[in-house]
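The values are calculated or read from the model by the stated rules, or taken from the named source; none is laboratory data. Just so it is clear, the model here is predicted, and its values are computed rather than measured. Here Cβ is always computed from backbone atoms with ideal geometry, including for glycine, and neighbour counts include all displayed protein chains. Quick note on the areas: whole protein, heavy atoms, side chains included, nothing else; ligands and nucleic acids left out. Shrake-Rupley method; radii C 1.70, N 1.55, O 1.52, S 1.80 Å.
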Amino acid sequence: MSNTASGFVESDAYIRDLMNAAAVAKTGNPLASASLPLDRRGFLKLAGAGLVLGFYLPGGVRADAETPQAAGAASQSPAINAFVRIAPDNTVTVYSKAPEIGQGIKTALGLIIAEEMDADWNRTVVEQAPIDAKVYGYQGAGGSTTIPRAWDQLRQAGAAARAMLIAAAAQQWGVNPAEITARDSVLTHAASRRSATYGSLASAAARLPLPDPGTLKLKTRDQYRLLGQRHRGVDDPKLVRGAPLFGIDVRLPGMVYASYAKCPAAGGKVKSANLDEIKAMPGVVDAFVVEGNGRPTELMSGVAIIASNTWAAFEARDRLNVVWDESEAARESSSELAARARQIAAGKFPANAEVNVGDVDRAFANAARIIEAYYEYPFVAHANMEPQNTTAWWHDGIMELWAPTQQPNRGQALAAGVLGLPEDKVVVHQTRVGNGFGRRLLNDYMCEAAAIARRVKGPVKLQWSREDDFTHDFLRPAGYHQFKGAVDKQGRLDAWQEHFISFTADGKNPSAGANYSYHLACACKAPNLRRGQSLMNLKAPTGPWRAPACNAQVFAQQCFMHELSLAAGRDHVEFLIDAVNRDVPELAPRSREMNFSPARAVGVIKLCAEKAGWGKSLPKGRGLGLAWCYSHAGHAAQAVELSVDANKQITIHRVVVAVDVGQVVELSGAESQALGACVDALSMAFGQQINIENGRIREENFDIYPILRISSAPAVIEVYFAPSDFSPTGMGEPVFPAMPPAVANAIFAATGERVRAMPFSRSGYRV
């Protein structure tokens, strides 16, 4: 790690170095670069003998746009966006604009640019880009949106680099640019037998005007040589060596360490604390109360302890005695909430149905079979492997933050608001993230570090403990579903009624993560459908969790669909396909679901069933279950083959996954995401549960919050990607939701017992 004036973690962060150099030259202050404007020509002059491509292409605008308006919008954008550097030695450096949270995005984004550049991947280096929304646009990672947001933007950036290099070669050789070919960072003119490396042409290319995005020619799928193949992750060697990539690894000269104690019941405030005793402890530098602004997503009241090392800070934290004002704190109990939900479900259906298609009551009156069921699932924690942390340094009117965040732009804005500073006075350095799963879409730890740093001379690292992570998480909310469904005499799904019971923080709107899943609108096109929602007040903070809404609601909905297929006396796969293909215009997916396709849904269901050997005979005690979902723009289906012994011990013999997420960018990473989603979903389904008592979270560490062990993982997980000509969508979430219902349906097939609650351990099942 470089101990530069800015303290940036990666010493070869070229753009940051260039901006610092410009700042020093202009102001003599190595820290002035945080707000120093650089125009395109000035930026390129700093590049010296190499080419830094300054090129702004807003996400979502395509070079091959179908409308002239779209293409024109891209060509008129004046901002600079530096994605590519080419050194004289032919090393190509590509800047990944989004956070790497273990999903392989740093590799994938680099490949997209390198593919269109025709760069030599073996001589391509991918670095984390500086955080600057004015330059890079949106730089977050969440909701499986990073690749679809950046796809056209980065393709155009790569194609522009190639076009500038070709133009430079054509100018030097006096030939037609169309006669020059590019491959592996080398340009060739076959007729004259001349060739040149990208590195040798970089300086000349840098002096050329930027190409009009509307003139760029992007590759067609059959021309891809890098995309869709397996590649090693660009950070893999560093990870194996234990290189300091994560937020928890940041070290700055003169840095001190902080622990921050908040009320264990959300909403509590500090009344008093034994600060003098804490300050007298060995290694403690200071201890003070932070009032906070009362917003859980920003800065809640607490006590900050500053020490010379993390151990001293945690030791002092254990001796801290705080009297809390809990007059406005959370007091709920998860068991009481669950009991209340059952009472609500047993009552009348909500008067104002949010969805009411057809005539549900008439369908029930004429039904051949009616099925009713109640499904539920608990609160769960994100349980990131890297506890929350941020290093902050207040100096010269600037707040610098080094943070493992999924939303650096949002974190910058929130920290600026907490401090009362303009956003350009807050500089965020993106570190690698040790898991996110949606928890790091919230930036409370960044705001806490920023507030603490204002009271500290020099850099300070705020480090949460594992217990902090659990007790101050933004939990995936629990949910409760009362279903009633009907099949007609032809064995078709005719009516679906769903009463969804969840939570509200303001008495009006669903709590974060407690909104309806859009999956049902795609998976269940019953001609008669009614959905209503009842909300219970909840002060405990909730938030997005991997595949928000879909992660548990698909379990309830796909299991109930299995119950209906059995009631209809039909094959489950056939029943699912029929439900997907029904023509119910009122339920056509809109807005974010516009990518949904019944044909693609049927395709993954059939592919999954075929690969799993659907319909084959199995011995007693063995079952095969299947479920599917449309989640975060991806179509996915899972089949699980398992056996259950007399003690309800489950052995998962095989998992088959079929996925359609359009063009696969990096095959190895996509497979890893599918495998990880399966294991993560199994972990949630069998054992994960957060219990709240008097507003306090009971599970504070992994000893009572079980994560799936290697010995319990499936013996085989097979992943199949449906061939697709569609643009890529994300992989972090689509495979997750259908796993629990596939397991539950397999348990029924093996035992005849219907499991309607997660975790399955509540019903005695173990894996």
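Here the chain is assigned +1 on the Cβ of each Lys and Arg and -1 on the Cβ of each Asp and Glu. Its dipole about the Cα centre then comes out at about 580 debye.
In this structure, the residue pairs whose Cα-Cα separation is over 28 Å, taken from LYS484/LYS620; LYS238/LYS457; LYS271/LYS539, are LYS484/LYS620; LYS238/LYS457. Using the Cβ of GLY397 as centre and a radius below 14 Å, the other residues enclosed give a net charge of -2, where K and R count +1 and D and E count -1.
Percent of alpha carbon pairs in the stretch 496-605 separated by more than 21 Å? Of the Cα pairs, 42 percent sit more than 21 Å apart.
Take THR197: with every protein chain present and a 1.4 Å probe, its accessible area is about 50 Å². Counting only protein heavy atoms and a 1.4 Å probe, the stretch 183-266 has 52 square angstrom of accessible area per residue.
How much mean residue ellipticity at 222 nm does the chain get from its helices, if each DSSP H run of length 4 or more adds -39500 (n - 2.57) and you divide by all residues, to the nearest 500 deg cm²/dmol? My calculation for the chain gives -9500 deg cm²/dmol from helical runs alone. Size estimate for the stretch 365-517 follows the Kirkwood approach: the inverse of mean 1/r over distinct Cα pairs works out to 18.5 Å.
When you count the other C-beta atoms within 10 angstrom of each residue and take the mean per peptide, 144-150, 511-517, 277-283 line up highest first as 144-150, 511-517, 277-283.
Contour minus end-to-end for GLN171 and ALA243, with contour as 0.36 nm per residue of separation and end-to-end as the Cα-Cα distance? Length gained between GLN171 and ALA243: 21.6 nm.
Label sites at SER327 and LYS616, each approximated as a point 7 angstrom past Cα along Cα to Cβ, lie 6.7 nm apart. Here the simple spin-label model places points 7 Å from the Cα toward Cβ, and for ALA368 and ASP571 these points are separated by 1.7 nm. With a Förster radius of 35 Å, plug the Cβ-Cβ distance of SER195 and ARG230 into 1/(1 + (r/R0)^6) and report the FRET value to the nearest 0.05. The value I calculate is 0.75.
Across the chain, Cα pairs under 8 Å and at least six residues apart give a relative contact order of 13 percent. Among 430-439, 335-344, sorting by the average number of other beta carbon atoms lying within 10 angstrom of each residue, highest first, gives 430-439, 335-344. Couplings for the stretch 499-510, taken from phi via the Karplus curve 6.51 cos²θ - 1.76 cosθ + 1.60 with θ = phi - 60°, read 10, 9, 10, 8, 10, 9, 9, 10, x, 10, 9, x Hz in order; Gly and Pro are left as x.
Grab the beta carbon distance between ASP583 and ASP645, set R0 = 56 Å, and tell me the FRET efficiency rounded to 0.05.
Rounded to the nearest 0.05, the efficiency is 0.80.
Of the solvent-accessible surface of the stretch 165-287, computed with a 1.4 Å probe over protein heavy atoms with every protein chain present, carbon and sulfur atoms account for 51 percent.
Computing FRET efficiency as 1/(1 + (r/R0)^6) for GLU291 and PHE726, where r is the C-beta to C-beta distance and R0 is 41 Å, gives about 0.20. Panel note: the C-alpha atoms of the chain, placed on their principal axes, show extents of 79, 78, 47 Å (largest first).
For a paramagnetic label modelled on ARG466 (point 7 Å from Cα along Cα→Cβ), amide N atoms under 19 Å away belong, within the stretch 304-318, to 310-318.
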